[in-house]
Amino acid sequence: MSDAVKYQARDDAIAIITIDRPEQRNALGREVREGLFAAWDRFEKDDRARIAILTGAGDKAFCAGGDLKEMVETKLRVPPRDMFPVPYDNIELTKPTIAAVNGAALAGGWMIAQACDLCVASTGAKFGITEVKVGRGSPWAAPLIHMIPQRIMMEIILTGKPITAQRAYEIGLVNRLAEPAELMTAAITLAHEVLEGAPLSVKAGRETVMLATEMGRSAALQAARAVHEITYTSEDAQEGPRAFAEKRKPEWKRR
């Protein structure tokens, strides 16, 4: 693990991954990229961790995007697909993730926040796909069409103008807003709400959402039924109704 990225394994099945380069606005330089790849790998392999929260150190920036100085020095043209750590794209994850955006999420910072399943933002945060301002590109933004309306997406990408956290919430990019001092509390609360669900049901539910963005209605329904078969035939599928009938909290076995 690079010291540019911190990994905290909590006792409540939450892993917190923190980009810790506030003096560099948590930009995606080589050290940060390597640290994120390692942190996501650790999370996926950690059986105790069922959900992860990604955030940035400090209150100025969640992540300001790629390191432009590095791009100049290396004369970067088309970024290799394995250059930037993007959850569920070039990083294989089977568990849910939350972005806790504490400040500016610009360019690559928007990219990694967008890649997470859920997003909680500080009221002082801002989001921007700013690549047009520096002659770069944002092909990674293509899945955004499943999150926000087309014309809003078009404006954000073509103008490169950042939007406020409130606007990001209004258009559906952000799930919840929190005052800066309460951001991590809000993200952890959301994580606990996810963790209350049966693990296999959560996994199948997440896969269903992703299938629905990839397929037409009939194909998605058929694929979702197959995804849920493991859930329906699990011990937890019997434990849930039993616990409800007995008026107690279910004890999930994850099998």
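In the set 54, 106, 118, 68, which member is modelled with pLDDT under 95 and either among the aliphatic types (A, V, I, L, M) or closer than 25 Å to residue 165 by Cβ (or both)?
Numbers: 54 fails: modelled with pLDDT under 95; 106 fails: modelled with pLDDT under 95; 118 fails: modelled with pLDDT under 95.
Just one listed residue meets the conditions, 68.
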- Test result for residue 196, open to solvent by 80 Å² or more (accessible area, probe 1.4 Å) and either among the charged types (D, E, K, R) or within 16 Å of the chain's Cα centre (by Cα) (or both): yes
- Note on the structure: For residue 155, the lone unmet condition from (1) in contact with a Lys or Arg (Cβ under 9 Å, 6 or more places away or on another chain); (2) open to solvent by less than 50 Å² (accessible area, probe 1.4 Å) is (2)
- Note on the structure: For helices (runs of 4 or more DSSP H) lying entirely in the stretch 89-206, having 3 or more residues that are touching a Cys at 6+ places or on another chain (Cβ under 7 Å) picks out 108-115
- Does at least one position in the stretch 25-39 carry a residue that is buried (at least 20 other Cβ atoms within 10 Å of the Cβ), touching a residue at least 40 places away in the same chain (Cβ under 8 Å) and part of a strand (DSSP E or B)? yes
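Condition check ((1) over 18 Å from the mean Cα position of the chain (by Cα); (2) under 20 Å from residue 51 (Cα atoms); (3) open to solvent by less than 20 Å² (accessible area, probe 1.4 Å)) across all residues:
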residue	(1), (2), (3)
140	no, no, no
145	no, no, no
159	yes, no, no
172	no, no, no
176	no, yes, no
179	yes, no, no
183	no, yes, yes
189	no, yes, no
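The values are calculated or read from the model by the stated rules, or taken from the named source; none is laboratory data. Keep in mind the model is a prediction, meaning the values are calculated, not measured. Don't worry about glycine lacking a Cβ; one is built from the backbone with ideal geometry, like all the others, and counts go over all protein chains shown. For accessibility, only protein heavy atoms count, side chains too; no ligands or nucleic acids. Shrake-Rupley method; radii C 1.70, N 1.55, O 1.52, S 1.80 Å.
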